[in-house]
Amino acid sequence: YRAPIPSSGTAARDPYWKRFFDLAIRIDPTFNVQEYPARQKLLNDFTSGKTADNIVAINTAVDHLDTLKDFAEGLRNRDLRATNAFVNWVKDQTGDPSVTGFDTASTALANEMATIFKRTGATDQEIEQWRIPFNRSLASRQFNAVFDTSIKLMRGRLNATRGRWAALFKNKPFPILTDRSRRILEDL
């Protein structure tokens, strides 16, 4: 699916292409010359188009989520948000790196989440909207809810992306998640 082939009518009369199609069907029983242009276009999108960019954003967001979780645990927040806000403000004023690290990681994650769901670069306003749930004053249970929800939302995009692929490539899965992303999600 990386090179164009002649139309099925022209190719069907040419012995070279008939042999080519017969070999292709032996290698891949799901091969269908009528689906070739759509499959070729989808493969290009998954390897170098907007979907490829979205796949990179999904894997990057998973990594950023892992980093944010580490910083969230480093904040050692309690159940009362007002106390967490005050303690983290003091930490920030005294140069504690856990607060700065959390803020940096939450901005990076918000950027990737906005990119995943917009499928292009996100504006500052969109990033800020995604950053709202990643507040450094959250209680640990709230952090867990934000992480779980983020994973579920990404899973929805992942399933939709896999569905697009499966519609044309049936039993040939496309590796969307990297091994590292799979491990991180299993740990989270």
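The values are calculated or read from the model by the stated rules, or taken from the named source; none is laboratory data. None of the values given here were measured: they were computed from a predicted structure. Note that each Cβ is placed from the backbone with ideal geometry, even for glycine, and that neighbours are counted across all protein chains shown. We work out accessible area using only protein heavy atoms, side chains counted, and drop any ligands, DNA or RNA first. Shrake-Rupley method; radii C 1.70, N 1.55, O 1.52, S 1.80 Å.
Some points to look at:
- Within the stretch 152-177, being surrounded by fewer than 16 Cβ atoms within 10 Å (Cβ to Cβ) and either of a type in the set (S, T, N, Q) or in contact (Cβ under 8 Å) with a residue 12 or more places away in the chain (or both) holds for Leu153, Asn159, Arg162, Arg164, Lys170, Asn171, Lys172.
- Hits in the stretch 136-165 (condition: farther than 17 Å from Val56 by Cα and assigned to a helix (DSSP H, G or I)): Ser140, Arg141, Gln142, Phe143, Asn144, Ala145, Val146, Phe147, Asp148, Thr149, Lys152, Gly163
- Test: Ala166 is modelled with pLDDT of 90 or more, within 30 Å of Gln34 (Cβ to Cβ) and of a type in the set (A, V, I, L, M, F, W, C): yes
- Residue check for Asp79: out of contact with any Ser or Thr (no Cβ under 6 Å at 6 or more places or on another chain), open to solvent by 70 Å² or more (accessible area, probe 1.4 Å) and under 30 Å from Asp187 (Cα atoms): yes
- Residue within the stretch 14-25 that is crowded, with 16+ Cβ neighbours inside 10 Å, of a type in the set (Asp, Glu), at pLDDT 85 or above and on the phi < 0 side of the Ramachandran plot present: no
- Verdict on Thr123 being at pLDDT 95 or above, farther than 14 Å from Ser150 by Cα and among the hydroxyl-bearing types (Ser, Thr, Tyr): no
- Looking across the stretch 90-136 at every residue that is among the hydroxyl-bearing types (Ser, Thr, Tyr), within 18 Å of the chain's Cα centre (by Cα) and surrounded by 16 or more Cβ atoms within 10 Å (Cβ to Cβ), the one that is farthest from Asp66 (Cα to Cα) is identified as Thr115.
- Every condition in (1) open to solvent by less than 40 Å² (accessible area, probe 1.4 Å); (2) modelled with pLDDT of 85 or more holds for Ser48 except the one numbered (1).
- Just one of the listed residues (Thr83, Thr67) is modelled with pLDDT of 95 or more and within 17 Å of Val146 (Cβ to Cβ), namely Thr67.
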